[in-house]
Amino acid sequence: MNVLAIKDVERYTENMVVFPAFSLEIVQHEIVALYSSMNVRSTLLHMLIGKIPLSRGELSIKQATLSGNRTEYLSQLGISFLDDGLYERLTVRDHLIFAHKLSLSPWPIDEVLKIVQLEMKSNVRVSKLTLSEKRRVHFARLLMMDPALFVFEEPVQNVDNETKLVFTRFVNTLSERGKSVLILTGNMETALSVTNKIFRLDEKGLHRYEIIDETEQEDSPSPHPQDKHSAKTENPAETTELPLDMDSPEEQNIPDQEEISEVFVQPVRLEKIPTKMNDKMILFDPPEIDYIESSDGQSNIYVKGDAYPCVFKINELEERLQPFGFFRCHRSYIVNLQKVREVITYTRNSFSLVLDDQAKSSVPLSKSKMAELKEMLGLKA
């Protein structure tokens with residue numbers, strides 16, 4: 001059953017596209033992360049609570065909508081905002097008692113304190129807590145509300161490692177209890193720590209990342225060495241033996257083993273570029289990549305201002321990406337020429353490429369590569 005259904009929702013301002021129409025569904029037990037800019041996150045959150053009206057499309061939670069049944073809709077929605085406040089004079093337990101009475105929560109207070117690991121702080125005033133401990137109070141308070149859909153805005157921003165671990169376990173507990181979770185973040189590491197179902201939402205629309213969990217691959221049993229032949233011999237009654245006097249393969253025009261190999265064993269061209277983060281592999285299409293930087297032997301792929309460590313060296317990446325319009329502009333840089341907006345000359349021997357991304361990223365261009373680039377563009381040196 002769909003818990004959250006976003007259908008053809010879009011947002012335009014006078015001067016820009018925040019995001020075009022997109023659709024997304026989240027079912028029970030599901031954890032989904034939406035990777036986006038602060039503006040997109042803020043806009044979507046305000047749409048969820050009705051602060052920004054929908055110009056098109058529909059938002060529903062368990063089939064209830066803001067326009068149709070506002071009370072039912074809001075009762076199923078729980079949001080942890082990044083800048084949520086707390087009553088500083090209350091103790092942690094007092095906070096949860098208040099939330100328990102307000103929402104008639106089925107969750108026992110002591111169990112909630114244990115889930116967020118605040119048992120030892122239950123009688124401490126919120127004003128005495130660290131920023132990380134306060135964030136866990138937010139998690140606990142939201143759990144007491146017991147909504148069907150939990151939405152978190154940057155849940156582990158500027159918190160300690162203990163709170164990050166608490167959040168990961170907390171989200172998994174919600175999933176096990178049949179809840180749905182939506183995480184809004186601009187940090188890929190945050191998204192990868194809790195789910196493999198990650199989308200990017202920006203002015204170009206909704207795009208799902210291809211994530212490969214290497215730990216799951218290692219844990220999965222390897223196929224039996226003979227499995228690839230089993231389909232041929234599984235049912236002996238269907239096998240046919242060649243008679244001893246049958247013509248030779250040459251006379252029957254049957255190709256020999258080498259010819260079969262030439263027909264069926266064709267090289268596979270992989271167009272995805274793999275990057276690695278948190279024991280998970282993220283695959284990018286070449287056109288998504290802005291540029292590549294190599295430092296101390298480590299190549300980093302830059303996509304929309306974020307860096308992703310790549311398993312390939314820069315020379316290997318140059319060879320793989322050249323057919324897609326990438327150019328080795330410097331010994332340590334490869335750039336996607338489709339993303340270059342302008343070439344800046346600082347001195348006779350100093351050049352730079354400015355990209356057409358939000359940050360207007362600048363990539364160095366060596367003198368020798370400048371001449372090569374001009375030749376590629378058909379310009380006089």
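For the set ARG136, ARG331, ARG11, solvent exposure ranked by accessible area (probe 1.4 Å, protein chains only) runs largest to smallest as ARG331, ARG11, ARG136.
Using 0.36 nm per residue and subtracting the Cα-Cα separation, the extra length available between THR71 and ILE52 on full extension is 5.1 nm. Largest to smallest in accessible area, the residues GLU72, GLU14 fall in the order GLU14, GLU72 (1.4 Å probe, all protein chains included). Between GLU271 and GLU162, the modelled labels are 5.0 nm apart [label points 7 Å from Cα along Cα→Cβ].
Placing dummy labels 7 Å off each Cα toward the beta-carbon, the span from ASN15 to MET1 is 4.6 nm. The residues ILE115, ILE6, sorted by heavy-atom accessible surface at 1.4 Å with ligands and nucleic acids left out, run ILE115, ILE6 from largest to smallest. Legend: residue pairs LYS280/LYS313; LYS280/LYS369; LYS62/LYS280; LYS7/LYS134; LYS62/LYS164; LYS101/LYS121, Cα-Cα distance threshold 23 Å; pairs beyond threshold, LYS280/LYS369; LYS62/LYS280; LYS7/LYS134; LYS62/LYS164. Using the structure shown, select from LYS197/LYS339; LYS179/LYS204; LYS128/LYS360; LYS179/LYS276 the pairs with a Cα to Cα distance greater than 32 angstrom. Long pairs (Cα-Cα over 32 Å): LYS128/LYS360.
The values are calculated or read from the model by the stated rules, or taken from the named source; none is laboratory data. These figures come from a predicted structure and were not determined experimentally. Ideal geometry is used to build each Cβ from the backbone, glycine not excepted, and the neighbour counts take in all protein chains shown. Each accessible area value is taken on the protein alone, full model and side chains, heavy atoms only, with ligands, DNA and RNA left out. Shrake-Rupley method; radii C 1.70, N 1.55, O 1.52, S 1.80 Å.
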